[in-house]
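Please read the structure below before turning to the comments.
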Amino acid sequence: MALQTEGKPESVSGTMALKKGNKNWVVLVLRVVALLATASATIVMALNKQTKTLVVATIGTTSIKATLTAKFQHTPAFVFFVIANAMVSFHNLLMIATSLFAHKFDYKVGLAMVAILDMLNVGLISGAVNAALFMAQLGKNGNSHARWDKICDKFEIFCNHGAGALIASFVGLALMLIISSISIIKLAKPDQPIFTLFNLDLYCNFALCFL
Amino acid sequence: MTKNKSIFIILLRLLALGATVAAIAVMVTSHDSTVVLNLTFSAKYSNDPVFKYFVVAEAIAGGYSLLVLFLFSKQSKLWRLIIILDVVVTALLISSISAAMAIAHVGKKGNSHAGWLPICGQVPKFCDHVTGSLIAGFAAAIIYLLLLLSSLQAILSPVIALNP
């Protein structure tokens, strides 16, 4: 019996185990994708600008034209969006660098710092993406009760680019949530490969947990 | 030490519950109307999808706080799941307060580039109510952040060997 119970986790960790050492390729790949997502959101929103010449009034036969610009700096929510996405992508870059050179640092304090920083960055990016989302919704639909007109029918390219940046940032938010959860799970058992921590028989039966 | 820590965490959850309930209550009771040039201009929280999302998000966070307060203790094996759910709920709270503040900023200061006029001059009672509700929501988000950090510290103190 002892040989049998020893053999079983060995085969599980053998098929799904990571390479030896403390590097974790799952989190590394997720971080690279999150870095790409948030960096692209930053760049697309930072370069978001559209100029349009509109006819404002007609006096006789000459029409008065006004040149209106839509820039991301006009809305504080979008400024926060650009800054927050830049900070989160910088954080991901830093974490990728530390996970590649992890053997130089004290291991447990490093894990704690990674978990705390991941949680803070989840909060940051969730705030930024939601503020930008609701401002974009206001620009797209307007608000008839407050007499605020929509602007997306005039500035279509601005709105489309903003929508693309928002989608990329939402992908980054989802990935940051997953990465943060994995970092917190790793805090408890830092030496196990990440897949064995999702085995449910490690945790108790659900009814017994309430005791 | 661990008993003090768990009492502190329970206290923080109670505070967060109180803050979310206060935010919901103040937001739901905010309405005002004026008559400007024969037009009735009424402002309610449900006119704007952001404030509806704010109420829903605070309700979810408050319900989660209630659930965790009464069902789970520190010794249960699901504490990792509770910390992960804490992260999700903190992100939800931060997102709701951030979005509500963005729209409230437009309501208070307007946006001259987009041609949006501020409405706080016409409906001051509504603006005051919404401001109070946002302050309560902000307090709830900060309390949840503190809760996350103290839960992490409660886990980490047996893990990190403190050198005397």
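Scan region B:26-36 and give yes if some residue there is over 16 Å from B:Thr90 (Cβ atoms), without any contact (Cβ under 8 Å) to a residue 12 or more places away in the chain and open to solvent by 80 Å² or more (accessible area, probe 1.4 Å), otherwise no.
Yes, because at least one residue in region B:26-36 is over 16 Å from B:Thr90 (Cβ atoms), without any contact (Cβ under 8 Å) to a residue 12 or more places away in the chain and open to solvent by 80 Å² or more (accessible area, probe 1.4 Å).
From the list A:Met95, A:Met87, which one is within 20 Å of the chain's Cα centre (by Cα), away from chain B (no Cβ under 12 Å) and closer than 27 Å to B:Leu134 by Cα?
Only one candidate qualifies: A:Met87.
Taking the criterion of being assigned to a loop (DSSP other than H, G, I, E, B) and either at pLDDT 85 or above or not polar (S, T, N, Q) (or both), would at least one residue in region B:137-144 satisfy it?
no
Would you call A:Asn130 surrounded by 15 or more Cβ atoms within 10 Å (Cβ to Cβ) and facing chain B (nearest Cβ under 9 Å)?
Here the answer is yes, as A:Asn130 does meet what is asked.
Quick check on my filter: what residues within region B:39-83 are among the basic types (Lys, Arg) and under 14 Å from B:Ala25 (Cα atoms)?
B:Lys44, B:Lys52
Out of curiosity, is B:Asp32 closer than 19 Å to B:Ala104 by Cα, in contact with a helix residue (DSSP H, G or I) (Cβ under 9 Å, 6 or more places away or on another chain), at pLDDT below 85 and of a type in the set (D, E, K, R)?
Criteria met by B:Asp32.
Give me the residue from region B:70-81 that is surrounded by fewer than 16 Cβ atoms within 10 Å (Cβ to Cβ) and part of a helix (DSSP H, G or I) and, out of that set, farthest from the other protein chains (Cβ to nearest Cβ).
Looking at the filtered set, the residue picked out is B:Phe70.
Please identify the pairs in which a residue from region A:167-190 that is more than 15 Å from A:Leu124 (Cβ to Cβ) and within 10 Å of another protein chain (Cβ to nearest Cβ) has its Cβ atom under 8 Å from the Cβ atom of a residue that is open to solvent by 30 Å² or more (accessible area, probe 1.4 Å) and small (Gly, Ala, Ser), counting only partners at least 6 apart or on another chain.
If the second residue must be open to solvent by 30 Å² or more (accessible area, probe 1.4 Å) and small (Gly, Ala, Ser), no pairs are left.
Quick grid of which residues meet (1) within 22 Å of A:Gly139 (Cβ to Cβ); (2) in contact (Cβ under 8 Å) with a residue 24 or more places away in the chain:
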| position | (1), (2) |
| --- | --- |
| B:Ala100 | yes, yes |
| B:His105 | yes, no |
| B:Lys108 | yes, no |
| B:Ser112 | yes, no |
| B:Ile135 | no, no |
| B:Ile142 | no, no |
| B:Leu147 | no, yes |
| B:Ser150 | no, yes |
| B:Ala154 | no, yes |
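Any idea which residue in region B:114-155 is nearest to A:Met119 (Cα to Cα), counting only those that are open to solvent by 40 Å² or more (accessible area, probe 1.4 Å) and β-branched (Val, Ile, Thr)?
Step by step, filter region B:114-155, then rank; the result is B:Ile142.
Given the conditions (1) at pLDDT below 95; (2) open to solvent by 20 Å² or more (accessible area, probe 1.4 Å), report the number of the one that A:Phe80 does not fulfil.
(1)
For region A:139-153, how many residues are surrounded by 14 or more Cβ atoms within 10 Å (Cβ to Cβ) and more than 10 Å from chain B (Cβ to nearest Cβ)?
2
Would you check which residues across region B:91-146 are of a type in the set (Phe, Trp, Tyr) and more than 7 Å from every other protein chain (Cβ to nearest Cβ) and list them?
Residues satisfying the conditions are B:Phe126, B:Phe138, B:Tyr144.
The values are calculated or read from the model by the stated rules, or taken from the named source; none is laboratory data. As the structure is a prediction and not an experimental result, all values here were calculated from the model. We place every Cβ from the backbone using ideal geometry, glycine too, and count neighbours over all the protein chains shown. Ligands, DNA and RNA are excluded from the accessible area calculation, which covers all protein heavy atoms including side chains. Shrake-Rupley method; radii C 1.70, N 1.55, O 1.52, S 1.80 Å.
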